[in-house]
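Every number in this text was worked out from the coordinates using simple rules, so none of it is lab data. Keep in mind it's a predicted model, so treat the numbers as computed, not measured. Neighbour counts are summed over all protein chains in view; Cβ atoms, including those assigned to glycine, are modelled from backbone coordinates with ideal geometry.
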Amino acid sequence: MESTSSWLHQSFHGSWIFVLFLPLIIIIIIVLLVLRLLRLRVWCTCDICQSYIESRWAVQFPNLCDWYAHLLRNSPTRTIHIHVLNNTITANPDNVEYMLKTRFDNFPKGKPFSAILGDFLGRGIFNVDGDSWRFQRKMASLELGRVSIRAFAIEVVHQEIDRRLIPLMESVSGGEEVVDLQDVFRRFSFDCICRFSFGLDPKCLELSLPLSEFAVSFDLASKLSAERAMTASPLVWKIKRLLNIGSERELRRAIKIINMLAHEVIRQRRKFGFSDQKDLLSRFMSSISDDTYLRDIVISFLLAGRDTVASALTTFFWLVSRHPEVEAAILKEANAVIGPDETLTSHEQMRELHYLHASVYESMRLYPPIQFDSKFCSEDDVLPDGSFVKRGTRVTYHPYAMGRMEEIWGPDCSEFRPERWLREGVFWPESPFKYPVFQAGIRVCLGKEMALVELKSVAITLLRRYRVELAHPQPNPRFSPGLTATYRDGLRALIQPRQVIAS
Ligand code: HEM
């Protein structure tokens, strides 16, 4: 009763302040929006900007990234500028190398990006530039380079496959039940990355597919943070945050739950000791005493390593189920390297699976989990293709479009053909500036090796046991807007047991 009346009192008090200041707030919003829109040249009448503003591109293309790929293919420099967004977008490998390596310091993530993710990620590696980034990068590279943490990553992934993924698939295999593989892979990758970074098991992939409060809050916080980037002006979400209303109120609540859980894990770890623990958090705890900073670092890892892996697995299975010749080649290689009735036992065997490795690379070439990635130009600059970039411009490199460029991949660039990565049967890498799926240069992804182990382990285990039949085969995926490529309608499939099952 007391809490209800105090809530009523607070609400009443809050609404009075709100009513009193509402007209003033509305005027400020309008003035700021007008100023902002003027700066963004919303009046630009060029065909591309008009098509963007009126979403006319959607008539011809299933996704915004397909339209950008089309525009970039038709640009002689492979670079375009969307005036209304003050955004230069490039699919030119020379430009990519320039911004990610040669002039790295002139193309930081920048304040607009850190503001969008700031409440969720705090000062974590994913969201900072300068000294704070350098410090975390050095520390994280050191830790991730250790043999013991690599072994721990493999242990986590294999346990999750054996104890959860296979039992779940077994429970639906051969039946009429349609499973959403995207959902399964999201649960799988969340369990893995939480255990690896945090030493916390959210058990999302248990047979009953439970709802974990942590996973739900984490999803909501990622989604609402990404939506901030889609508002016409940052002022919209900043004012909503100031007033604590709508999506900003939800975001605050989700972050509160994440923080409570994270701080509880850190508190327990301090109390019961962390020196014998193998996870990343425990390793960082010996050199960092600020608990909020620790929380921020770990949350960045969760964001970086969760949806990316789930997205890569989803498109891999979508592509392979549409290309039986690739599936057959993967299985043939596995039988030759591992043995028809054997399971994968060593890292060495995994390294010999060149065709599998090539297939994973090829599927991310066509469907990179992070379709585009932006930086902000600090000082006026000129890209190698001659494009002038004014200070403050958002500059985006676009791996999705780059995977569809004839001059990089040849006339068959839109085909799914793992063989393009092989020379005499051995995997042959391309320049990372032509294939910036894991970014490239100085800030290249720190979890690349772990991600590849995870992707290949799941791929080979599932393909050798089951056939994936798509429930609604579609010629093109439709993606939801967000930080990572996500199928709008999931990936619904029937799971059939293979006749010859590797034990
Ligand atoms: C297929 C899976 C993955 C892909 C495609 C991928 C891709 C990327 C990309 C494009 C970036 C640059 C993002 C940016 O700066 O805006 C990045 C950064 C990063 N990734 Fe990954 N990633 C994957 C998996 C992982 C995993 C599993 C982990 C964790 C173990 C991880 C950890 C990180 C970290 C910590 C960064 C920030 C590096 C820095 O800013 O210095 N990633 N990743």
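For this structure, a couple of remarks:
- The protection proxy used here, the mean number of other Cβ atoms lying within 10 Å of each residue, ranks peptides 167-176, 298-307, 350-359 as follows, highest first: 298-307, 350-359, 167-176.
- Sorting SER287, SER217 by the number of Cβ atoms found within 10 Å of their own Cβ, with the fewest placed first, yields SER287, SER217.
- Here the extension length gained between LEU22 and SER148 equals 39.6 nm, from 0.36 nm per residue of separation less the Cα-Cα distance.
- Annotation: aspartates and glutamates with alpha-carbon distance below 13 angstrom to LYS238 (same-chain offsets under eight excluded): ASP119, GLU227, GLU248.
- In segment 427-501, inverting the average of 1/r over every pair of distinct C-alpha atoms gives 15.5 Å as the Kirkwood radius.
- Sites ASN335 and LEU422, calculated FRET efficiency, Cβ-Cβ separation with R0 25 Å, nearest 0.05: 0.90
- FRET efficiency for SER141 and GLN60, using Cβ-Cβ distance with R0 set to 51 Å, rounded to 0.05: 0.70
- Counted as membrane-span-like here are DSSP H helices of the chain whose alpha-carbon atoms extend 15 Å or more along the helix's own axis and whose Kyte-Doolittle mean is 0.5 or above; these are 2-39, 147-160, 291-322, 324-338.
- Along each principal axis, Cα extent of the chain, largest first, Å: 74, 64, 47
- DSSP bridge pairs, segment 40-497: antiparallel proportion in percent, nearest 5: 80
- Cα lying deepest toward the dipole's positive end in the chain, options VAL156, ILE288, GLY199, charges on Cβ: ILE288
- Sites LYS390 and ASN259, calculated FRET efficiency, Cβ-Cβ separation with R0 25 Å, nearest 0.05: 0.05
- Segment 358-503 shape via C-alpha gyration tensor axes, a/c threshold 1.5: prolate
- Ordering of 324-330, 54-60 by packing [mean C-beta count within 10 Å, highest first]: 324-330, 54-60
- Rounded to the nearest 20 debye, dipole of the chain from Cβ charges on Lys, Arg, Asp, Glu: 1460
- In terms of its C-alpha gyration tensor, segment 227-302 has a prolate overall shape, because the principal axis ratio a/c (a ≥ b ≥ c, square roots of the eigenvalues) is not below 1.5 and a/b outweighs b/c.
- Remark: for residue pairs LYS111/LYS456; LYS223/LYS434; LYS203/LYS256; LYS256/LYS278, the C-alpha separation exceeds 31 Å in LYS111/LYS456.
- In segment 40-497, Cα pairs under 8 Å separated by at least six residues give a relative contact order of 24 percent.
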